[in-house]
Amino acid sequence: MLATDVNAALDPEAYLALERAAETKSEYIAGQMVAMSGASFEHITVGGNIYGQLFSRLRGGPCRVLTSDMRLRARDAYFYPDVTAICGKPELGGPPADTLQNPTVIFEVLSPSTEQRDRTVKFRAYRRIPSLQAYVLVAQDQAWVDCFRRQGDVWVFSSLVGLEEVLYLPEIGCRLTLAEIYERVDVKE
């Protein structure tokens, strides 16, 4: 997804008022509203694969999965992660109650225009969310997944490369193969 600055020096309340009235989505980082534009076919397919696989695995249990339409609060920043998993009762900020505050696992599908921000600015904001246990970065053009897991006060990094690899998600009680994540996507190995 491409992002462009559309405004500067907004406080969070002003952002939320504008965002709730807008026809398109924007994220909010460091006082700036950042417009979101469309994603590539591969990006949407990978995100859809993750959502679909998690939806079927988490159905009927204590965890659930949400699409990129769910706004997420990370202290004074607001984002729309590609896929979010949550366990237990959702904590929604508002009013209206339309902003998730307690994710368990966040997935971001990387785009050339957003990868640096996903790896730096967003990760710095996300890891300040007490409920977050794992942050998963998924390449859209190759079978490559990076995962950061909270272990106490430390985030532990692991990387998976190749369609035969398996992403274990004990935080939500399931696993995904990279072959499932990249189903129907022409990836480089």
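The values are calculated or read from the model by the stated rules, or taken from the named source; none is laboratory data. Source: prediction; values computed, not measured. Don't worry about glycine lacking a Cβ; one is built from the backbone with ideal geometry, like all the others, and counts go over all protein chains shown. Heads up: the accessible areas ignore ligands, DNA and RNA and are worked out on the full protein's heavy atoms, side chains in. Shrake-Rupley method; radii C 1.70, N 1.55, O 1.52, S 1.80 Å.
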Exercise. Among the strands (runs of 3 or more DSSP E) contained in the stretch 83-151, which hold 2 or more residues that are open to solvent by 10 Å² or more (accessible area, probe 1.4 Å)?
Worked result: 144-151
Problem set entry | Complete set of residues in the stretch 129-141 that are over 14 Å from the mean Cα position of the chain (by Cα) and either under 15 Å from Arg175 (Cα atoms) or at pLDDT below 95 (or both) | Asp141
Problem set entry | Exclusive hit being under 18 Å from Val46 (Cβ atoms) and in contact (Cβ under 8 Å) with a residue 12 or more places away in the chain, set Ala125, Ala77, Ala134 | Ala134
Seminar exercise, completed: So, first residue at positive phi in the stretch 147-172, second residue outside any strand (DSSP E or B) and open to solvent by 60 Å² or more (accessible area, probe 1.4 Å), Cβ within less than 9 Å, six or more apart or across chains; the pairs are Gly162/Glu189
Exercise. Can you name every residue in the stretch 161-189 that is in a strand (DSSP E or B), touching a Phe, Trp or Tyr at 6+ places or on another chain (Cβ under 7 Å) and of a type in the set (A, V, I, L, M)?
Worked result: Val161
Seminar exercise, completed: Over the stretch 76-131, the set of residues among the β-branched types (Val, Ile, Thr), farther than 23 Å from Gly152 by Cβ and out of contact with any helix residue (DSSP H, G or I) (no Cβ under 8 Å at 6 or more places or on another chain) is Thr114, Val121
For this session: Would you confirm whether any residue within the stretch 69-81 is of a type outside the set (A, V, I, L, M), at pLDDT 95 or above and within 20 Å of Arg175 (Cα to Cα)?
Result: yes
For this session: Identify, by number, the condition in (1) at pLDDT below 95; (2) crowded, with 20+ Cβ neighbours inside 10 Å that Tyr182 doesn't meet.
Result: (1)
